Amino acid sequence: MTATPNPRAELRKTLRGKREQFALSAGYGAAEAALAGHLTQVITQLEPETLGLYASIRSEFNAVVALGADPACDPLPWALPFCRREPREMDYRLWDRSAKMVPDECGIASAAGAVVVPDVLLVPCVGFAAGNYRLGYGGGYFDRYLARHPHVTTVGVAWSFMRLSEAEYTPQPHDIPLTLIVTEQGVVA
């Protein structure tokens, strides 16, 4: 029996491949600096009490390194997501940046600090679409977290070439739009 193709899985695979190629390109350094600058500007305007970041994987933009190098972000308390396999859920744990990261149950770098609910979250995007919808890795961790914490301000982090057309991406009932999305070109309108 032949498996039914999953269009979102194929789209994720294609976009991750483009992102990996982009990370090796000559223009990557300038784009990375531009995205870091736009992201810092947004965070400064939002004035979070606690900032939820993510440990980058699979050639994602490394917000931890970019914001860690910016003195404007220095005084902010940071938190990292911690994912559990069963039940499949995520929370955030404080990270003082001097403590070594520890792996969560999915093997992604996280923190061992107290559980907190950051008021601003940076959310990595595999792709994004109109209405500030995000295509993630397909695990549903962020969507479930945001359903439990609808008051949180969410900032998607993506490269401009990851924008999807209506033909490529249709939101599903469980998809939760982000507050805004930032790319190397600025805040997406």
About its Cα centre, the chain carries a charge dipole, from +1 on Lys and Arg Cβ atoms and -1 on Asp and Glu Cβ atoms, whose size in debye to the nearest 20 is 540 debye
Counting helices only, and only those DSSP H runs with n ≥ 4, report the 222 nm mean residue ellipticity of the chain as the sum of -39,500 (n - 2.57) divided by its residues, in deg cm²/dmol to the nearest 500.
-> -8500 deg cm²/dmol
Could you give the dipole magnitude of the stretch 91-161 about its Cα centre, charging the beta-carbon of Lys and Arg +1 and that of Asp and Glu -1, in debye to the nearest 20?
-> 60 debye
Normalised per residue, the volume of the convex hull around the Cα set of the stretch 30-187 (Å³) = 112 Å³
In the stretch 1-86, which trypsin sites (Lys or Arg not before Pro) fall in coil by DSSP and have 13 or fewer other Cβ atoms within 10 Å?
-> R58, R85
For the stretch 97-189, state what percent of all Cα-Cα pairs lands in each successive 5 Å bin, counting from 0 Å until the bin that includes the largest distance.
-> 3, 12, 21, 23, 19, 13, 7, 2, 0
Counting Lys and Arg as +1 and Asp and Glu as -1 over every other residue whose Cβ sits under 14 Å from the Cβ of A34, the net charge comes to -3
Can you sort V182, V187, V64 by how many other beta carbons sit within 10 Å, fewest first?
-> V187, V64, V182
Cβ-defined net charge surrounding R148, 11 Å radius [Lys, Arg +1; Asp, Glu -1] = -2
Summing Lys, Arg as +1 and Asp, Glu as -1, what charge do residues with Cβ under 13 Å from the Cβ of V188 carry, V188 excluded?
-> +1
Do any GluC sites (Glu not before Pro) in the stretch 98-178 lie in a loop, going by DSSP, with at most 14 other beta-carbon atoms within 10 Å of their beta carbon, and if so which?
-> E105, E166
Extension gain, R88 back to K13 (0.36 nm per residue minus Cα-Cα distance, nm) | 24.8 nm
Can you tell which of P150, P48, G138 lies farthest toward the positive end of the dipole of the chain, using +1 and -1 charges on the Cβ of basic and acidic side chains (Lys, Arg; Asp, Glu)?
-> G138
Once normalised by the length of the stretch 30-187, the mean sequence separation of its alpha carbon contacts under 8 Å that are 6 or more apart gives a contact order in percent of 24 percent
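Read the figures in this text as sums done on the coordinates, not as results from a lab. This structure is a prediction, so every number in the text was calculated from the model and none was measured. Cβ atoms come from the backbone with ideal geometry, glycine included; neighbour counts cover every protein chain shown.
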